[in-house]
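Trainee: Okay, handing you the structure first.
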Amino acid sequence: MKNFGLLFDIIPPYPGLNIAIIEDSQDKLVEQLGAFCKKAEASLHVKVLRDSQSQSDKHIKIKKFSFEQSKYNNFSILYDFLFLCVDISEREDIEVVFKKIYRVMKNAGNILVFVRKEQIQRYFEILEKTNYVAINSIDLNENTEVVTAKKMHGWRKV
């Protein structure tokens, strides 16, 4: 899917939103999400697994990222939306990854995870186990779905 704009329909165009994307090769998505954030006066925090040639500006902050970091947040920023565009299905610590992400999201914040279709049920179970609710999926193409979920608020810590 070259036009990710349909995914942005779930993001209200309110100024001041904090949106993050963890990616390694979704340059087209980052470009479109960056344009959306500039128009909506939201902040986009791009967390890249590889060195990036792109430059940060007022609305887009780019930073190198590793899943092995002890914490995923910078400067105590909590995110309204977080796009996870990296295949983590081979990692042994998927639950730990989602728990770390949970800590950097606002109450009722949304996560959008790009997964292979054969992994859908596994991700549903892991998200539910790590206190995410309203778990659904959106068909992206013949191989990929986007699993969406909300951070449960007012419940136990993970």
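The values are calculated or read from the model by the stated rules, or taken from the named source; none is laboratory data. Just so it is clear, the model here is predicted, and its values are computed rather than measured. Every residue, glycine as well, gets a Cβ built from its backbone with ideal geometry; the counts of neighbours run over all protein chains shown.
Trainee: Which of the residues belonging to the range 66-109 are exposed (fewer than 13 other Cβ atoms within 10 Å of the Cβ) and outside any strand (DSSP E or B)?
Mentor: Going through the range 66-109, the residues exposed (fewer than 13 other Cβ atoms within 10 Å of the Cβ) turn out to be 66, 68-71, 75-76, 89-93, 107.
Across the range 66-109, the qualifying residues are Ser66, Glu68, Gln69, Ser70, Lys71, Phe75, Ser76, Ser89, Glu90, Arg91, Glu92, Asp93.
Trainee: Select, from Ile22, Ile60, the only residue that is of a type in the set (A, V, I, L, M, F, W, C) and either farther than 21 Å from Ala149 by Cα or modelled with pLDDT under 90 (or both).
Mentor: Values: Ile22 fails: either farther than 21 Å from Ala149 by Cα or modelled with pLDDT under 90 (or both).
One residue alone meets the criteria, Ile60.
Trainee: Give the residues of the range 110-143 that are assigned to a strand (DSSP E or B), more than 17 Å from Arg91 (Cβ to Cβ) and out of contact with any Phe, Trp or Tyr (no Cβ under 6 Å at 6 or more places or on another chain), sorted by residue number.
Mentor: First, the residues of the range 110-143 that are assigned to a strand (DSSP E or B): 110-116, 132-139.
Adding the requirement that they be more than 17 Å from Arg91 (Cβ to Cβ) leaves 110, 112, 132-139.
Matches in the range 110-143: Tyr132, Val133, Ala134, Asn136, Ser137, Ile138, Asp139.
Trainee: Right, next: Give the residue that is nearest to Arg116 (Cα to Cα), with candidates limited to residues of the range 26-51 that are within 14 Å of the chain's Cα centre (by Cα) and not in a helix (DSSP H, G or I).
Mentor: Gln26
Trainee: What single numbered condition from (1) in contact with a helix residue (DSSP H, G or I) (Cβ under 9 Å, 6 or more places away or on another chain); (2) at pLDDT 90 or above; (3) not β-branched (Val, Ile, Thr) fails to hold for Gly5?
Mentor: (2)
Trainee: Hey, another quick one. Among the residues of the range 102-120, how many are of a type in the set (A, V, I, L, M) and touching a helix residue (DSSP H, G or I) at 6+ places or on another chain (Cβ under 9 Å)? Please lay out each step first, then the result.
Mentor: Let us first name the residues in the range 102-120 that are of a type in the set (A, V, I, L, M), namely 104-105, 108, 111-113, 115, 120.
Among the residues that remain, those that are also touching a helix residue (DSSP H, G or I) at 6+ places or on another chain (Cβ under 9 Å) are: 111-113, 115.
Of the residues in the range 102-120, 4 are of a type in the set (A, V, I, L, M) and touching a helix residue (DSSP H, G or I) at 6+ places or on another chain (Cβ under 9 Å).
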